[in-house]
Amino acid sequence: MAIRLRIGEVAKQTGLAVGALRYYESLGLLTSERGNNGYRYYSPDVVHQVQFIKKAQAIGFSLEEIGEVLNLHEQGDVPCGFVQSLLQEKIDQLEIQIQQMREFKAELEDYRDRWSTTQPKLSSGDICPLIETVNLVSQ
């Protein structure tokens with residue numbers, strides 16, 4: 001009979017909580033078999049699979065993306081090309097976010113510089129006259 005691991009053993013070997021393992025299974029990232037006693041039993045390979053999931057998360061892949069990678073692998077494909085395209089998308093998204101953050105930083109610096117030379121004048125109902133000068137842009 002093949003070695004099978006119960007969920008607590010998988011949790012201990014991977015450092016992942018039992019609840020997280022159940023969640024991963026509910027998303028289809030892991031599979032188990034139910035024993036006659038109702039316990040979940042996992043193949044020893046699941047330890048490597050959990051480590052793979054954790055590594056993929058560490059470099060920014062979502063559980064959905066990881067599921068797509070695992071599905072390609074289960075179909076017999078080597079998903080490295082797909083992984084590279086996902087990674088490029090993440091890099092492109094980060095470039096956009098970095099530019100947005102630079103623009104936001106410049107805007108904050110502009111407020112700081114203007115406010116450092118402004119003597120605030122409190123009007124009725126104002127909380128902070130400086131913030132009251134901020135123009136809201138509809139999104």
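The values are calculated or read from the model by the stated rules, or taken from the named source; none is laboratory data. Computed from a prediction, not measured in an experiment: that's the story for all the values here. We place every Cβ from the backbone using ideal geometry, glycine too, and count neighbours over all the protein chains shown.
Scanning region 17-40 for residues that are hydrophobic (A, V, I, L, M, F, W, C), in a loop (DSSP other than H, G, I, E, B) and within 21 Å of H73 (Cα to Cα) yields a count of 3.
Only a single item in (1) surrounded by 11 or more Cβ atoms within 10 Å (Cβ to Cβ); (2) out of contact with any Gly (no Cβ under 6 Å at 6 or more places or on another chain) is not met by L29, and it is number (2).
Each row is one residue, and each column tells you yes or no for (1) under 24 Å from A11 (Cβ atoms); (2) in contact with an Asp or Glu (Cβ under 7 Å, 6 or more places away or on another chain); (3) of a type in the set (A, V, I, L, M).
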| position | (1), (2), (3) |
| --- | --- |
| H48 | yes, no, no |
| E64 | yes, no, no |
| Q84 | no, no, no |
| E95 | no, no, no |
| I98 | no, no, yes |
| E103 | no, no, no |
| L108 | no, no, yes |
| D113 | no, no, no |
| I131 | no, no, yes |
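Any residue at all in region 41-54 that's modelled with pLDDT under 95, outside any helix (DSSP H, G or I) and loosely packed, with under 11 Cβ neighbours inside 10 Å? Checking region 41-54: not a single residue is modelled with pLDDT under 95, outside any helix (DSSP H, G or I) and loosely packed, with under 11 Cβ neighbours inside 10 Å. Among residues of region 101-127 that are surrounded by 10 or more Cβ atoms within 10 Å (Cβ to Cβ), none has a Cβ under 8 angstrom from a residue that is at pLDDT 90 or above and part of a loop (DSSP other than H, G, I, E, B) at a sequence gap of 6+ or on a separate chain.
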